[in-house]
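The values are calculated or read from the model by the stated rules, or taken from the named source; none is laboratory data. Note that the structure is a prediction, hence the values are computed from the model and not measured. Note that we place each Cβ from the backbone using ideal geometry, even for glycine, and neighbour counts take in every protein chain shown. Please note that ligands, DNA and RNA were not included when accessible areas were found on the heavy atoms of the full protein model with its side chains. Shrake-Rupley method; radii C 1.70, N 1.55, O 1.52, S 1.80 Å.
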Amino acid sequence: MSTTVSRPDTEGGPPGGTGRRRPTLKSVLVWTAVAVVGAVAWTVLALARGETVSALWMLFAALASYAIAYRFYARFIAHRALRVDDRRATPAERLHNGVDFDVTDRRVLFGHHFAAIAGAGPLVGPVLAAQMGYLPGTIWIVVGVIFAGAVQDMVVLFFSMRRNGKSLGQMVREEIGIVGGVAALIAVFAIMILILAVLALIVVNALAESPWGVFSIALTIPIALFMGVYLRVLRPGRVLEATAIGVVLLLLAIVGGGWIDNTGLADALTLSKEWLVLALVVYGFVASVLPVWLLLTPRDYLSTFMKVGVIVLLAVGLLIARPVLQADALTQFAREGTGPVFAGSLFPFVFITIACGALSGFHALISSGTTPKMVAKESQVRLIGYGGMLMESFVAISALIAAVVIDQGLYFAMNAPAGVTGGTPETAAAFVNGLGFPTSAQDLAAASAAVQEPSLISRTGGAPTLAVGISEIFHNAFGGNLQAFWYHFAIMFEALFILTAVDAGTRVGRFMLQDTIGNVWKKFGDLSWRPGNVIASAVVVGLWGSMLYIGVTDPLGGVNQLFPLFGIANQLLAAIALTLCTVLLVKHGKLKYAWITAVPLAWDLVVTMTASWQKVFSDNPAIGYFAQRNRYATALDAGEVLAPAQDVGQMQQVVTNSTINGVLQAFFALLVVVVFFNALVVIAKAIRARGPLPTTEEPAVPSRIVEPSGLFATAEEKQAIAEHERLVGAGARGRGTFTEEGPTR
Amino acid sequence: MTADVAGPVRSAAVRAWRGVRWYLREWSGEARWDDYLEHCAAHGHRPVSRREFERRRADERERTPVSRCC
């Protein structure tokens with residue numbers, strides 16, 4: 001969609017892509033139509049009360065908004081504020097080594113980047129937030145991504161690219177200061193541990209007491225090992241072949257799970273949550289010390305293909321099934337803050353429950369990791385950074401739709417913790433009726449029978465709910481009597497890429513730990529030193545494993561207790577990233593444009609600090625961790641047992657867990673406050689200097705390659721490429737050196 | 001007459017298939033082998049075996065962790 005082309009090796013003229021042209025009549029008509037569709041869709045969603053509303057309105061509202069934001073706002077940021085310059089060589093071109101620095105086709109890099117940022121987050125958060133109704137979630141996912149999430153991803157990608165792909169922590173240290181740098185480093189590590197624990201918790205909740213799920217997921221390990229051996233020994237490098245075999249085996253594993261359901265094996269595979277924690281911890285440790293080619297790489301191929309496949313299938317399924325929204329636009333829980341899924345009022349808790357999909361700090365780690373080293377042209381940050389995040393937001397909208405088109409009685413029976421539903425269809429039906437949603441014990445039993453699960457009551461964590469939604473949509477769209485298959489298909493797809501995220505995250509955590517401790521103990525920092533690897537892996541797995549255990553055994557419900565902490569932590573990381581972006585805009589002398597990241601930063605700080613404050617200081621025990629602690633500690637002293645705890649041991653557990661959660665919450669918020677105040681000092685200095693301050697940006701080097709900027713090459717771009725190739729000769733766009741991969745004798 | 005219709009349709013299908021194939025090979029890294037062979041041919045180097053080539057790429061991956069987000 002971008003229309004400007006700049007040529008390398010030419011001096012003068014406007015920097016790449018700041019020129020303006022009069023829009024053509026066709027373009028005006030097309031964009032007016034998009035705006036009208038969007039406006040109509042939003043109006044329907046906002047004004048509908050009581051009548052049946054098609055879920056497609058949510059899809060159209062989102063897509064029209066994304067298109068307009070990408071066309072106008074992202075372009076404005078890239079070309080006006082950041083002033084991307086295609087005459088400047090990117091690190092991929094300057095430092096090309098064929099390994100990590102590598103000029104990559106923009107569409108291929110978009111695929112890599114999207115696969116790295118999208119995971120379970122955008123699927124789970126919206127499902128939980130659906131307890132507030134469909135409207136708050138939809139608005140936040142769309143508005144949040146346009147003005148915060150996608151902006152963060154693109155701007156971090158740009159600044160990291162201008163610094164040879166430096167990491168977020170490194171940039172904070174060098175551009176803000178050592179205090180902020182250390183705080184950011186600790187925050188990144190701690191937040192990563194917490195994220196891994198919560199992701200693993202979602203898998204445990206999805207697989208507990210589900211022999212079918214356990215069977216299929218367990219088989220993914222031998223399937224991945226087989227693919228690893230295939231790629232290493234049998235037919236090296238034939239990734240597509242190996243992946244195709246893997247996907248077929250995976251589908252067989254899901255079908256096979258249905259067969260074992262009625263055999264003796266089913267009892268052996270009916271695992272309690274505690275056993276699953278142990279299995280996951282052992283698995284995580286082994287996976288992080290095994291060579292990557294054996295397990296991690298093949299698993300990553302499988303999970304990415306499954307992920308993209310399901311997302312595409314879901315979009316198609318939605319268009320065919322055209323489900324109707326079952327949830328209200330706004331439920332009573334949004335107003336009263338007494339929802340059973342997570343406690344707290346709409347503000348601030350919708351905005352932290354939906355993190356990925358609207359604004360995710362974790363993406364800043366990826367936008368400042370591998371991606372910036374592979375960008376071919378500066379202007380492509382718009383497609384890869386902003387566009388990639390829009391795509392993730394679309395996934396979040398699809399997940400929200402899946403949660404709000406299922407029967408809402410079932411939704412609340414599935415997502416309220418076992419402490420309040422009682423765990424049986426009868427007690428759960430009574431509880432849900434008490435909330436004001438019609439359902440019956442028979443309805444709930446029939447729902448679990450339809451997907452061949454022993455029970456769907458209190459299957460918290462979002463994954464089972466999403467799987468029910470997906471299975472209903474696919475069942476209605478594609479026919480056949482396959483609802484149970486689709487349910488386990490969806491569970492498998494979520495568990496598969498959560499496990500991949502856990503593997504990869506454990507490894508990244510291990511590298512970070514070895515790197516950090518390596519500053520004081522050199523030997524430990526040596527990545528080829530085996531004992532160091534094993535110790536660091538054990539520490540990382542031990543940390544997230546114990547958090548996971550706390551969550552799984554929490555009498556108040558691990559998801560209910562930990563998910564807010566996870567969401568706040570992720571948004572706090574975003575606050576660090578947006579702070580860095582704002583500081584850099586000011587230091588580069590672009591105070592005029594600092595609002596682009598300062599406004600989302602202000603919003604994010606208000607949300608996270610309010611939420612942190614409430615989680616720490618609220619005197620409502622349902623919200624404040626310490627109020628909860630006091631309530632249970634006082635009762636314990638008086639010799640009472642408070643529901644949902646059932647004995648003294650559980651009472652003590654609640655006291656301990658609330659204390660840990662409260663301390664962690666306060667600690668995270670404090671780290672961000674440190675980074676923020678350190679940044680304010682730097683910003684004040686930069687404003688007083690009345691001009692750009694020195695930064696660690698690499699000096700400009702002229703580029704020698706020509707590549708299109710947007711997804712599709714424009715006519716001018718094609719012409720420019722042809723002309724360039726004619727001048728420099730064929731193969732000018734081809735890759736150069738292979739120093740690391742092949743001998744250059 | 002059918003040929004008139006089938007021709008463009010077939011060529012569009014072939015183009016689409018080629019595009020998908022190209023994308024998947026690039027995305028999965030399979031195409032790097034072709035690039036390497038091309039590079040060797042252009043510079044007159046004798047290429048190493050595919051097994052050796054893929055082993056080096058895998059070992060490289062061992063040193064650079066890949067993040068997967070939530």
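Things to note:
- Taking the Kirkwood radius as Rh and the Cα radius of gyration as Rg, segment B:2-62 has a ratio of Rg/Rh equal to 1.23.
- Couplings 3J(HN,Hα) for segment A:581-598, derived from phi with the Karplus relation 6.51 cos²θ - 1.76 cosθ + 1.60 (θ = phi - 60°), are 4, 5, 4, 5, 4, 5, 4, 7, x, 10, 3, 4, 9, 4, 4, 4, 9, 5 Hz, where x marks Gly and Pro.
- Here segment A:500-552 and segment A:597-648 have alpha carbon centers that stand 30 Å from each other.
- Cα-Cα separations in segment A:202-264 greater than 18 Å, expressed as whole percent: 44 percent
- Carbon/sulfur fraction of accessible area - segment A:339-386, other protein chains in place, 1.4 Å, %: 70 percent
- Helix B:2-28 and the long axis of chain B differ in direction by around 10°, with both axes built from C-alpha atoms.
- Residue-span extension gain [A:ARG688 to A:ASN97] - 0.36 nm each, minus C-alpha spacing: 208.6 nm
- Chain A: angle of helix A:715-728 to the longest principal axis, Cα-based, in degrees nearest 10: 50 degrees
- Listed pairs A:LYS373/A:LYS592; A:LYS166/A:LYS592; A:LYS377/A:LYS718; A:LYS166/A:LYS590; A:LYS590/A:LYS685 exceeding 18 Å between Cα atoms: A:LYS373/A:LYS592; A:LYS166/A:LYS592; A:LYS166/A:LYS590
- Accessible area, probe 1.4 Å, largest first, for residues A:ARG235, B:ARG68: A:ARG235, B:ARG68
- A:MET492 contributes about 0 Å² of solvent-accessible surface, heavy atoms of the protein only, 1.4 Å probe.
- Summarised in one figure, the compactness ratio Rg/Rh of the protein assembly as shown, Cα atoms and Kirkwood Rh, is 0.96.
- Nonpolar atom fraction for segment A:153-307, defined as the carbon and sulfur part of the 1.4 Å probe accessible area, stands at 75 percent.
- Alpha carbon centroid spacing (whole Å) that separates segment A:376-395 from segment A:107-172: 9 Å
- Treating r as the C-beta distance of A:TYR73 and A:PHE712 and R0 as 22 Å, the FRET efficiency rounds to 0.65.
- The figure for A:ARG530 is an accessible area of roughly 130 square angstrom, using a 1.4 Å probe on the protein chains alone.
- Based on protein heavy atoms only, the protein assembly as shown ends up with 39 Å² per residue of surface accessible to a 1.4 Å probe.
- Taking amide H as placed 1.01 Å from N in the peptide plane, the amide H of A:GLY589 sits under 5 Å from that of A:LEU693, each at least 5 places away or on another chain.
- Extreme residue, positive dipole direction of chain A, given options A:ILE576, A:THR353, A:VAL44 (C-beta unit charges): A:ILE576
- Taking both sides together, the accessible area buried where B meets A is about 4200 Å² for a 1.4 Å probe.
- Relative contact order of chain A, taken over Cα pairs closer than 8 Å and 6 or more residues apart, is 24 percent.
- Note on segment A:149-287: Rg/Rh from Cα positions, Kirkwood definition for Rh, rounded to two decimals, is 1.13.
- Test item: A:495-504 mean partner chain Cβ contacts at 10 Å: 2
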